[in-house]
Amino acid sequence: MRLLQLDASPRRDSVSRQLTAHFAANWKKQFPQGEVIHRDLAKSSIPLINNDWIEGAFSNPQQHTDAHREALKFSDAVISEVQAADFIVIGDPMHNFSTSGRLKAWLDQLVRAGKTFGYSEAGPKGLLSGKKVFVLTSRGGAYTPGTPYAELDFQEPYLRHLLGFIGLTDVTFIHAENQSKPNLAAAAKAAALEKIEAALVCALVGDSITNPAVRALSSRAG
């Protein structure tokens, strides 16, 4: 089993990093022999989409130039890591009501025609499947559904739609909200940590019914 852990926050000890670290530690307890691949996007030089990338992504690989191959190198690596993962945990702070810039840049390298999505007569189809994704966010305020601020949450809707577009439909969101409010921040973070533990247990219980590999590994973990 393999877990891909992504951290997008530019802060070293951010709340979202604490959430993903907690998730990874609990995941490792369930899968002692499992592998955790940690990608710190704040330390990565993530290239932006450019003309060579576009030309290369939408042309025959046999006709690629060296510039095309160089432009697509980071994208190839990102796609390979996601394809190889069984679990994916993403830590992302809300920036300006949406995703962080680093995560957006990483996603732009992941979403690629013919690699992670394709088109048929029925329309677009995601090519990634069979993976469990957990998105753990930190937010300065609260954007609870049904409240006036809910419509300002462009983070979860965007990520849910984009991940689903490439076939990642088994996605759990857990938010540590009110982090800019000293009287509410600690309790909100503690609640998020508890939800992470519960969500991981539920995911493993569900997977153990349908996935023999998960059943064997989790039972071995005790």
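The values are calculated or read from the model by the stated rules, or taken from the named source; none is laboratory data. What you see is a predicted model, and the numbers here were worked out from it, not measured in a lab. Here the Cβ positions follow ideal geometry from the backbone for every residue, glycine too, while neighbour counts run over all protein chains shown. SASA here: full protein model, heavy atoms, side chains in, ligands and nucleic acids out. Shrake-Rupley method; radii C 1.70, N 1.55, O 1.52, S 1.80 Å.
Which order do the peptides 88-98, 109-119 come out in when sorted by mean C-beta neighbours inside 10 angstrom, highest first?
Descending packing order for the listed peptides: 88-98, 109-119.
Can you give the direction-averaged projected area of the convex hull of the alpha-carbon atoms in the chain, in nm²?
14.3 nm²
With axes computed from alpha carbons, what is the tilt in degrees of helix 182-210 against the longest principal axis of the chain, rounded to the nearest 10 within 0 to 90?
60 degrees
May I ask you to give the solvent-accessible area per residue for the range 5-119, in square angstrom, as obtained with a 1.4 angstrom probe?
The answer is 51 Å² per residue.
Along the positive direction of the dipole of the chain (beta-carbon charges: Lys, Arg +1; Asp, Glu -1; about the Cα centre), which of 165, 68, 140 reaches farthest?
140
Charges only on Cβ, +1 for Lys and Arg, -1 for Asp and Glu: so what's the dipole of the chain about the Cα centre, in debye to the nearest 20?
It comes to approximately 560 debye.
With springs connecting C-alpha atoms under 10 Å apart, model the chain as a Gaussian network and identify which of 193, 163, 204 has the largest mean-square fluctuation.
In this elastic network of the chain, the residue with the biggest mean-square fluctuation among 193, 163, 204 is 204.
Under 5 Å between amide H atoms, partner at least 5 residues away or on a different chain: which partners does residue 179 have, H built in plane at 1.01 Å?
Here the answer is 139, 140, 141, since their amide H atoms fall under 5 Å of that of residue 179.
Which value at 222 nm does the chain reach when only helices count, each DSSP H run of 4 or more adding -39,500 (n - 2.57), with the total divided by all residues and rounded to the nearest 500 deg cm²/dmol?
Helices in the chain give a 222 nm mean residue ellipticity of -15000 deg cm²/dmol.
Scan around residue 38 for amide H atoms under 5 Å from its own, H built in the peptide plane at 1.01 Å from N, and keep only partners 5 or more places away or cross-chain.
Excluding prolines and chain starts, which carry no amide H, the hits are 5.
Residue 194 versus residue 149, label points 7 Å from Cα toward the beta carbon: distance in nm?
The two pseudo-label positions are separated by 2.0 nm.
What list of ³J(HN,Hα) values in whole Hz, one per residue of the range 105-111 in order, does the Karplus curve 6.51 cos²θ - 1.76 cosθ + 1.60 (θ = phi - 60°) give from phi, with Gly and Pro shown as x?
5, 5, 5, 4, 7, 7, 7
Taking the mean number of other Cβ atoms within 10 Å as a proxy for protection, how do you rank 41-54, 13-26 from highest to lowest? Don't jump to the answer; show the numbers that get you there.
Values: 41-54: 14.1, 13-26: 19.3.
Going by the mean number of other Cβ atoms within 10 Å, highest first, we get 13-26, 41-54.
Give me the extension gain from residue 77 to residue 37: residue separation times 0.36 nm, minus the current Cα-Cα distance, reported in nm with one decimal.
Stretched fully, the residue 77-residue 37 segment lengthens by 13.1 nm.
Going down the table (28/104; 43/73; 73/132; 29/132; 28/131), which pairs top 20 Å between alpha carbons? List each step's numbers first, then the result.
Numbers: 28/104 27 Å; 43/73 17 Å; 73/132 26 Å; 29/132 17 Å; 28/131 17 Å.
With Cα atoms farther than 20 Å apart: 28/104; 73/132.
About its Cα centre, how strong a charge dipole does the range 30-134 have in debye, to the nearest 20, once Lys and Arg get +1 and Asp and Glu get -1 at the Cβ?
Value, rounded to 20: 240 debye.
I want to verify a result. In a Gaussian network model of the chain, Cα cutoff 10 Å, which of these has the top mean-square fluctuation: 205, 133, 36?
Largest GNM mean-square fluctuation: 205.
With springs only between Cα atoms under 10 Å apart, run a GNM on the chain and tell me which of 165, 58, 173 wobbles the most.
Answer for the Gaussian network model of the chain: 58.
Could you check the simple spin-label distance between residue 160 and residue 54, using points 7 Å along Cα→Cβ, in nm with one decimal?
The two pseudo-label positions are separated by 3.1 nm.
For residue 112, which sequence-distant residues (separation of 5 or more, or a different chain) have an amide H within less than 5 Å of its own amide H, given hydrogens modelled in the peptide plane?
So residue 112 has HN proximity to 117.
Helix 15-30: angle to the longest alpha-carbon principal axis of the chain, degrees 0 to 90, nearest 10?
Taking the Cα atoms of the chain, the angle to 15-30 is about 90 degrees.
Using a 1.4 Å probe on the protein chains only, how many percent of the accessible area of the range 44-87 belongs to carbon and sulfur?
Roughly 51 percent of what the probe reaches on the range 44-87 is carbon or sulfur.
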